[in-house]
Amino acid sequence: MSERIEIFQDRTSLTRREFTLEAALAILAGCVITIGETACSKSTTAPTSAPPSDVNGNISANHGHIATITGAQITAGGALTLNIQGTATHPHMVMISQADLTALKNRQTVTSTSSTDSGHSHTVTFTPS
């Protein structure tokens, strides 16, 4: 029995503090801590904005016409002509300039008058959300 007591006495025991430290190190050994360049840089680059979404036009005296400029058309930025016939029995064309698309991209309202067909025209207002 005295041998058994010697074995326990020779064995190194941990203090509560040592045990806590060893346990914390064992837990952290499985973690990866990453510090990216953006966390420490002094960059003043503005974050990129989300791509524009589709913008539906509000059409004056509407009777079935639909006017939509897609986000892709706004991003492309080239002038375009929209056919706003929708479910109406006749077409109307709306001219959208490159400047208009830039305004929409900057979340500004754009108003355009349609072509005259069937003796009338419409005012179309595009308001980005």
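Coordinate-derived values only; no laboratory data. Predicted, not measured: the structure shown is a model, and the values here were computed from it.
Tabulated data
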| read-out | value |
| --- | --- |
| Shape category assigned to the range 46-101 from the gyration tensor of Cα positions, a/c cut at 1.5 | prolate |
| ³J(HN,Hα), Karplus 6.51/-1.76/1.60, whole Hz, each residue of the range 92-107, x for Gly, Pro | 9, 10, 10, 8, 10, 7, 4, 5, 4, 5, 5, 4, 4, 4, 8, 6 |
| Amide hydrogen neighbours beyond the local backbone of Ile66, cut-off 5 Å, H modeled | Gln85, Gly86, Thr87 |
